[in-house]
Amino acid sequence: VAEQPKQKVEQDTASQPKQEVQQDTVSQPKQEVQQDTESQPKEEVQQAPVTSTASAESVIVAGEKYLGKPYLYGASTSRSDAFDCSSFTVRAFKEGAGITLPRTSREQANVGTNVSLDSLQKGDLVFFDNDFNGTIDHVGIYAGNGQMINAASSKGISYADIHNSYWGPRLVKATRVL
């Protein structure tokens, strides 16, 4: 019984807006399930989606601090005035969740758990093959509702629709590290 609500929570976080997800996981009847399971060993199973949602929000908020900062290919991860795509994800995950990601988008594509592109959740890393040569060369952070926050060479740190005419055909995979 405790495993079914967990699956529902994960589905809710993928398909509903941020505020509703937080309300769903905290204030609806699922509290009773969490209270019922507090004395049982499965307590962590119920709390995991809340932690993941909170961590994802923290990563996105950390990334949003840099909206408008310029793109600079090869920018050092120690810089906060300019970013390339992977130095941006390194910074957002470190500041928002205390997670250290590898330096490049190709390396980042090998960490975490692979996620189906139709099951994306906030905080997932989304990867792109910009020149269609079979090599990952761009990464962004999925922010929900088909949007990612990323360091784009044309706009710097910005939001983009992962399904638009540019990004959609280039989207190749996603991973979950939270």
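The values are calculated or read from the model by the stated rules, or taken from the named source; none is laboratory data. Quantities reported herein were computed from a predicted structural model and do not represent experimental measurements. Note that each Cβ is placed from the backbone with ideal geometry, even for glycine, and that neighbours are counted across all protein chains shown. For the accessible areas, the whole protein counts, side chains as well, though only heavy atoms, and no ligand, DNA or RNA atoms are used. Shrake-Rupley method; radii C 1.70, N 1.55, O 1.52, S 1.80 Å.
See the values below:
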read-out	value
Per residue accessible area in Å² of the range 125-178, where ligands, DNA and RNA are left out and the probe is 1.4 Å	40
Rounded percent of accessible protein surface that carbon and sulfur make up, the range 94-149, 1.4 Å probe	45
Where N is the number of residues in the range 114-173, Cα Rg divided by 2.2 N^0.38 Å	1.01
Loop-resident sites, the range 63-99, for trypsin sites (Lys or Arg not before Pro), counting at most 16 other Cβ within 10 Å (DSSP)	K65, R79
The range 122-178: trypsin sites (Lys or Arg not before Pro) falling in loop per DSSP and having at most 15 other Cβ within 10 Å	K155
Loop-resident sites, the range 94-178, for chymotrypsin sites (Phe, Trp or Tyr not before Pro), counting at most 15 other Cβ within 10 Å (DSSP)	F132, Y166
